[in-house]
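We did not get these values from a lab; they are worked out from the coordinates using the rules stated. Just so you know, these numbers come straight off a predicted model, no measurement behind them. Reconstructed Cβ throughout: ideal geometry from the backbone, glycine too, with neighbour counts over all protein chains shown.
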Amino acid sequence: MIVVSNRLPFVLVRDKDGNLKRKASAGGLVTAVAPVVINGNGLWVGWPGIHLNDPTEPIPESDPNDITPTAGLKSDKVVAVQMDPVMFDSYYNGCCNATFWPLFHSMPDRATFKGEHWKSYVKANKEFADCTIKALESLPPCTGNNDMPLIWVHDYHLMLAANWIRQAAEERELKCKLGFFLHIPFPPWDIFRLFPWSDEILQGMLGCDMVGFHITDYCLNFVDCCQRNLGCRVDRKNLLVEHGGRTVRVRPLPIGIPFERFVELAEKAPRVLSTNQKIILGVDRLDYTKGLVHRLRSFEKLLEKYPEHIEKVSLLQISVPSRTDVKEYQDLKEEMDQLVGRINGRFTTPNWSPIRYIYGCVSQDELAAFYRDSAVGLVTPLRDGMNLVAKEFVACQINIPPGVLIVSPFAGAGETMHEALICNPYEIDDASDVIHRALMMPEDERILRMNYLRRREKLNDVNYWTKSFLSAMGSLVTQDEQDDVG
Ligand code: ADQ
């Protein structure tokens, strides 16, 4: 397998002597995909998180004490993509984060459309595609379908790359299978078509044999866009798109988490929260898609409408800094600081503060303890591809009786975690009622709901997701499905 992602599964940093060192990146994706790459003697193509003055500078091996999943990824299995820093900034901060991120989260007013950003995006994707082709050429020639290399391209940063990889592979008579997975939502056609170069995006993705999304709704949006933008023949029932004489499969592949790892963390983590108050927990990157301002307002409304929770309940909001050099994110930080200050100023008593706000990253142990010891997990994004926090929360809910999960219907997790309480984050008043309901929920109902939620996430963990992707790539389009297209 060759994995292609904007970032490598670790970042390179310089130590005080100027030597390059690997710094591990945590996260379920790396945990799940790295073993498949390592065990299959595969390759990983991505940006190493640093611009190297000398692109031939060798990638260091992992530290001998490294116990992270990427420790076994040898440096000759890593392809570090290098780009001009100005071009990279325009591709990454411009096109990816200022255009695709808001647009694909159905927030077009926040999106900027700039020709120069798009040009950089095209160039960057070309660079990733060229590096991938070189990686493909370096593999031993395959003898049949069973050992055909599988190229797995990830996310909105690389929506054009697949088609160029396919074309170049065909020219060089190199065999491979191509798959793509989008980690964020795919928007409805009415939003998608606002992007001036939307046809090119679809053509890029349709270079794959299979395109995966978290949930069926995103698949249907994609199929719809292919039909309406490009005039492709499509089959909505079987999720197939005909393009360039090929049939492309579209598949819902909801991502999971390393469930057992979170259970172990929750079992070992020491208590960090005091027991005399119920905690409502929010854990997010500080991002405008996560609905943080709406969440604080709902909590304020809860205290207004149900004063019996005063001095009994606190909101613990942990927000990890994200994209801090972008103005929209700086503005959000400012707004959050003010709102937390105002609500705390309004309700704080000598013995209690309603909101505890941590602006920073917390360790996995601490995170597991927070998840385990909170009464309510509040996951209320305005839009979210899936949302792993909802899943991590239920994995860590090992106390009996457990707490309650509240999820927004606008997250992929809201579509799949049926036993959670559903809360529309835009309806502040209603959201406060849902939080009240969660706080007052009888024990037996909490146990029943949490049992179902945990059972599903345990079965559909991140390894199951990787296997589902591989199986979706391996299965061939049957003749019946071919005949159905129309
Ligand atoms: P993200 O937008 O980053 O991911 P999410 O799925 O919630 O969102 O994952 C965030 C991760 O960061 C979680 O694993 C969480 O534990 C961790 N995290 C968040 N805040 C933290 C903090 N303060 N300290 C430590 N860790 C913290 C994108 C999409 C999602 C999709 C994922 C995976 O936007 O919709 O679920 O990819 O496909």
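Could you name the lysines in cross-link range of LYS21, using Cα to Cα under 24 Å and dropping any fewer than eight places away on the same chain?
Leaving aside lysines fewer than 8 places away in the same chain, those within reach of LYS21 are LYS74, LYS77.
Can you tell which of SER468, ALA162, THR324 lies farthest toward the positive end of the dipole of the chain, using +1 and -1 charges on the Cβ of basic and acidic side chains (Lys, Arg; Asp, Glu)?
THR324
What is the set of long-range amide H partners of ILE358 at a cut-off below 5 Å, with H atoms built 1.01 Å from backbone N?
GLN317, ILE318, SER319
What's the magnitude of the charge dipole for the range 303-369 around its Cα centre, counting Lys and Arg as +1 and Asp and Glu as -1 at the beta-carbon? Answer in Debye, nearest 20.
160 debye
Do the alpha carbons of any pairs in LYS278/LYS458; LYS278/LYS312; LYS391/LYS458; LYS134/LYS175 sit beyond 18 Å of each other, and which pairs?
LYS278/LYS458, as the Cα separations exceed 18 Å there.
Counting other beta carbons within 10 Å of each Cβ, put ARG249, ARG236 in order, fewest first.
In increasing order of surrounding Cβ atoms, one gets ARG236, ARG249.
Just to confirm the number: angle between the C-alpha axis of helix 428-440 and the first principal axis of the chain, 0 to 90 degrees, nearest 10?
Taking the Cα atoms of the chain, the angle to 428-440 is about 70 degrees.
By a straight-distance test (C-alpha under 27 Å), which lysines pair with LYS114 as possible cross-link partners, with residues fewer than eight away in the same chain excluded?
LYS123, LYS126, LYS290, LYS327, LYS333
Grab the DSSP H runs of the chain that are 4 residues or longer, score each as -39,500 (n - 2.57), total them, divide by all residues and round the 222 nm result to the nearest 500 deg cm²/dmol.
Mean residue ellipticity at 222 nm (helix-derived): -12500 deg cm²/dmol.
If you fit an axis through the alpha-carbon atoms of helix 364-373 and take the longest principal axis of the Cα set of the chain, what angle between them do you get, 0 to 90°, nearest 10?
Taking the Cα atoms of the chain, the angle to 364-373 is about 40 degrees.
Using only the alpha-carbon atoms, how far is helix 292-305 inclined from the longest principal axis of the chain? Give it as 0 to 90 degrees, nearest 10.
Value to nearest ten degrees: 20.
Using the alpha-carbon centroid of each, what span in Å lies between the range 300-331 and the range 150-164?
36 Å
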